[in-house]
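Just below is one structure, and these are the notes that go with it.
The values are calculated or read from the model by the stated rules, or taken from the named source; none is laboratory data. These figures come from a predicted structure and were not determined experimentally. In this analysis, Cβ positions are derived from the backbone assuming ideal geometry, glycine residues included, and neighbour counts consider all displayed protein chains.
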Amino acid sequence: MGSNVILARMGEVTLKGLNRGVFENKLMSNLKYRLKGFGKLSIFQSQSRLWIEPKDENNEYFESEAKAMDLLNACTQVFGIVSVSFASKFEGGFDEIVKESIACVENYINNHPEHKTFKVESKRGDKSFPMTSMELSGEVGYEILEHFPQLSVDVKNPDFVLSVEVREFNYVYAGKIMGHRGLPVGTAGKGMLLLSGGIDSPVAGYMMASRGMQLDAVYFHSYPYTSDRAKDKVIDLAKIVSRFSGRMNLYVVDFTQIQLDMYKNSRQDMLTVTMRRVMFQIAEELAKKSGCGCLITGESLGQVASQTLEAINITNEVVELPVFRPLIGLDKEATCDLSRKIGAFETSILPYEDCCTVFVAKHPKTHPKHKDIEEAESKLDIKQMVFDGVNKNLEIIEI
Amino acid sequence: MIYFDNSATTKPIPEVIETVCNSLSSDTLFGNPGSLHELGTIVTKEYNNQFKAIASVLHCYENELYFTSCATESANTAILGYITRHKREGNIIISTRTEHKATLETLKKAEEFGFIIKFVDVDRNGKPKLDMLEELISDEVILMCFTHVNNETGSILPLDEIVNIRNKKNRKIAIYLDMVQSVGKLAIDLKKMNIEMGSFSGHKIHSVKGTGLLYVKAGVSINPYILGGGQQNNMRSGTQSLVLAEAFRVALEEAYKHFDESHETVHEINKFLREELVKREAVILSPDDALDYVLNVSFKGFESETMLHCLEKYGIYVSTISACSSKTKKVSYVLLDMGIDRKTAGNSIRLSFSRFNTMEEAKTFIASVDEIYKLFAL
């Protein structure tokens, strides 16, 4: 494999005005953090792009295709990066450029045998090069056609583009892998994600992180009504989200006693809403303690009884912090697609649930009113419950 | 720790561990029985000795036994091997819906090959309805698959009656018997049992995982399932493992050596638990005449998995087939087929014992249940 450098393109970040530097620096440090564990790398910015090169000659991630894909995928998961390409960096004149271009195309069509048309795009930083960019594209294109008779040129809608750049060094690369775009995590404050073992909440976390928000997460554990496998599953999901959102603290609240109290002393048809109100208040306390400026949930309007407008209103009014619900207007299928895209789906659908059937009312009230919740909570010491949730047996896991 | 999950697997006994260690550290016993040199001869001899010893415990001929990796492999080999060999003689297989998955999934495969599976209903005690069985038997039936002792309830198969019906209606039908839960716990006399094939597993009787056994009666021909170098009379290829054979043999011998005292201990535990649990409004789902080693019980107001985790908190390990989740609820098909309602089945826990359990443990179990009711009942 001739490729020895990765170039990553930045998207929305480059449209920023005076504070563009802040965004770029954050992106750079996030990238460095994400690429820990991939050997010693030199990461720098040049021509509005980020370049990643191995510091050691024998970095295994630049040696085999499969390993290289791990590295490329890690890059694409850093928000702010639009696309990445593996490129060859070399010195020399036109002959070397042709040689490397042929090697690059050969490698590319081995991986994409269905691609039949291409074009060459050239850029010259070094204007002393004896050809214009147009001439260089034409000549390299000619050589490639000679070498690969199965390919043809299509300048309007090619299957792939071979890029040639002549600067201090020469670079050639073909094709690119799309990134997750968005804004660098850490440029938009921090939010507390209410994370369950389901499909929605990890996606909600991912979506907020894509707008630059750093995340902490809170999970409500009801052992022995739910198994420790359910907790392990939530930890796994937190790890998946953190591939995108960077380091995160997962707060595991011991919810057993609170839930038992509620079950025995609240109205059955209001159980879920009452429970969510307590969860919100515990999450808000933890959010304030850890510097989060909002709560994030995976709620989607009308998906279940506790996600009707009335139920959401009643849940929402117990907290001061804004509650972000990025999935509110998505249907389940769209959420599942996103879940698959971020690699969480297979974990989310494992059978260990966060909430046992025993605590779910058979006929929950779908349009609760104030007098319902007042009655449901009349026998509960909510303040104490919130205090216990935040203070008793709280486990903090660094993800 | 109180381990009441011996039908899932068991802890290897010191005798097995010692045998395994000695065998593995031996300078000669690592040899390949297929080798033509001296080491091969030594190992072959030792290997055959294991068969001899096992055959004498199970009352069969040594050439009727084959070592496999597990009982599931034995089930696959027996069922698929028999039906593919005898497909010209008929295309119907009889079984029950309460078989272990190793049998049921293999029967599904048989369906893909064009065989018809006819299921005999079971009664409230988990026993096949014999009049229905009699009606199902025809000239087209070539095989019947049953379980000697059901792994979820301990229900014992009326084998003699079934064999009699078979002998009366169609002697050509072969019987495959899953003896995973009965070996070591019931007397096994293969010569008298009048079955054609059977499967056993070592790790349920305090041996190690990876030790399975297949019985095929002399004169019954089946196709091999694992092909290769033709080991074990061409029935099960793959280099034979002396150490696993030894591990199985020792566990089996020990099980029958302690047979009577083991039964006494386990009977006492089972009786005590039944009496105490009934007082606590639990429903005993195992039939009255079930094997004492398995006790299936349904706790009022506790879903299976909740009770399992509650007991886990007290260091008591049991198992459940039913699992609860907020969306779907998996309930044991065995219990449902016995006619037990969904709710009772959904609250069921299986306790399974070994000769190493004690009355003390049973008493602690009951005390823990009382505490669990106090703390976690809804």
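Residues in the range A:211-220: is at least one within 14 Å of chain B (Cβ to nearest Cβ) and outside any loop (DSSP other than H, G, I, E, B)? Reasoning before the result, please.
Initial filter on the range A:211-220 (within 14 Å of chain B (Cβ to nearest Cβ)): A:220.
Subset that is outside any loop (DSSP other than H, G, I, E, B): A:220.
Taking every residue of the range A:211-220 in turn, at least one turns out to be within 14 Å of chain B (Cβ to nearest Cβ) and outside any loop (DSSP other than H, G, I, E, B).
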The residue that is farthest from residue A:227 (Cα to Cα), considering only those in the range B:300-318 that are part of a loop (DSSP other than H, G, I, E, B) and either facing another protein chain (nearest Cβ under 8 Å) or more than 22 Å from the chain's Cα centre (by Cα) (or both), is B:300
Cβ pairs under 6 Å, 6+ apart or interchain, first in the range B:97-122 and touching a residue at least 60 places away in the same chain (Cβ under 8 Å), second part of a helix (DSSP H, G or I) and of a type in the set (A, V, I, L, M, F, W, C), ordered by first then second residue, are B:98/B:334; B:102/B:75; B:103/B:75; B:121/B:132
Of the listed residues (A:133, A:137, A:196, A:152), the one being farther than 29 Å from residue A:32 by Cα and in the same structural domain as residue A:253 (by TED's automatic domain parsing) is A:196
Log entry, pairs with first residue in the range A:31-52 being in contact (Cβ under 8 Å) with a residue 60 or more places away in the chain, second being in a loop (DSSP other than H, G, I, E, B), beta carbons closer than 9 Å, six or more apart or on different chains, reads A:33/A:78; A:33/A:246; A:33/A:247; A:34/A:77; A:34/A:78; A:34/A:246; A:47/A:125; A:47/A:167
Of the residues in the range B:241-252 that are over 17 Å from the mean Cα position of the chain (by Cα) and part of a helix (DSSP H, G or I), the one that is surrounded by the most Cβ atoms within 10 Å (Cβ to Cβ) is B:247
Result of the Cβ filter at 7 Å on the range B:258-274, keeping first residues that are assigned by TED's automatic domain parsing to the domain that holds residue B:292 and touching a residue at least 12 places away in the same chain (Cβ under 8 Å) and partners that are of a type in the set (A, V, I, L, M) and assigned to a helix (DSSP H, G or I), at least 6 apart or interchain, is B:268/B:359; B:269/B:359; B:269/B:362; B:272/B:359; B:272/B:362; B:273/B:362
Scanning the range B:283-299 for residues that are under 20 Å from residue B:337 (Cα atoms) and part of a loop (DSSP other than H, G, I, E, B) gives B:285, B:286, B:287, B:288, B:289, B:290, B:291, B:299
Selection over the range A:41-60 where residues are outside any strand (DSSP E or B) and either among the aromatic types (Phe, Trp, Tyr) or modelled with pLDDT of 90 or more (or both) yields a count of 0
Could you please let me know if residue B:42 is of a type in the set (A, V, I, L, M) and within 21 Å of residue B:255 (Cα to Cα)?
no
Within the range A:70-104, the residues that are of a type in the set (A, V, I, L, M) and under 17 Å from the mean Cα position of the chain (by Cα) are A:71, A:72, A:74, A:78, A:81, A:82, A:84
Considering only helices (runs of 4 or more DSSP H) wholly within the range A:292-351, the ones with at least 2 residues that are surrounded by fewer than 17 Cβ atoms within 10 Å (Cβ to Cβ) are A:309-316, A:332-341
Residue pairs qualifying under the 6 Å Cβ cut-off, at least six apart or on distinct chains, with the first in the range A:261-272 being touching a residue at least 40 places away in the same chain (Cβ under 8 Å) and over 16 Å from residue A:386 (Cα atoms) and the second being of a type in the set (D, E, K, R) and surrounded by 19 or more Cβ atoms within 10 Å (Cβ to Cβ), are A:269/A:365; A:270/A:365
Residue B:255: passes all of (1) touching a Leu at 6+ places or on another chain (Cβ under 9 Å); (2) at pLDDT 95 or above but (1)
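Go through the range A:84-101 and give me each residue that's assigned to a helix (DSSP H, G or I) and either buried (at least 18 other Cβ atoms within 10 Å of the Cβ) or not assigned by TED's automatic domain parsing to the domain that holds residue A:131 (or both). Show your work before the answer.
We begin by selecting, within the range A:84-101, every residue assigned to a helix (DSSP H, G or I); these are A:94-101.
Correct list: A:97, A:98, A:100, A:101.
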Going through the range A:39-83 in order, the residues found to be surrounded by fewer than 14 Cβ atoms within 10 Å (Cβ to Cβ) and among the small types (Gly, Ala, Ser) are A:42, A:46, A:48, A:64, A:66
Quiz item: When you look at residue A:231, is it more than 24 Å from residue A:8 (Cα to Cα), without any contact (Cβ under 8 Å) to a residue 24 or more places away in the chain and in contact with a strand residue (DSSP E or B) (Cβ under 7 Å, 6 or more places away or on another chain), yes or no?
Solution: yes
In the range A:221-240, anything within 14 Å of chain B (Cβ to nearest Cβ), in a helix (DSSP H, G or I) and surrounded by fewer than 20 Cβ atoms within 10 Å (Cβ to Cβ) is listed as A:228, A:229, A:232
Considering only the range B:355-372, I want to know if a residue exists there that is surrounded by 23 or more Cβ atoms within 10 Å (Cβ to Cβ) and within 12 Å of chain A (Cβ to nearest Cβ).
no
By residue number, the members of the range B:319-344 that are modelled with pLDDT under 90 and in a strand (DSSP E or B) are B:323, B:324, B:329, B:330
Exactly one of A:111, A:170 is within 18 Å of residue A:4 (Cα to Cα), modelled with pLDDT under 90 and not basic (Lys, Arg), and that one is A:111
Wholly inside the range B:27-145, strands (runs of 3 or more DSSP E) that include 1 or more residues that are at pLDDT 95 or above and of a type in the set (S, T, N, Q) are B:65-68, B:92-96
Quick count over the range B:130-148, residues being in contact (Cβ under 8 Å) with a residue 60 or more places away in the chain and crowded, with 23+ Cβ neighbours inside 10 Å, is 2
Residue count, the range A:120-148, condition assigned to a loop (DSSP other than H, G, I, E, B) and buried (at least 18 other Cβ atoms within 10 Å of the Cβ), comes to 1
(request) With respect to residue A:362, determine if the residue is within 14 Å of chain B (Cβ to nearest Cβ), of a type in the set (Lys, Arg) and not in a helix (DSSP H, G or I). (result) yes
Among residues of the range A:243-260 being part of a helix (DSSP H, G or I) and touching a residue at least 12 places away in the same chain (Cβ under 8 Å), the residue surrounded by the fewest Cβ atoms within 10 Å (Cβ to Cβ) is A:257
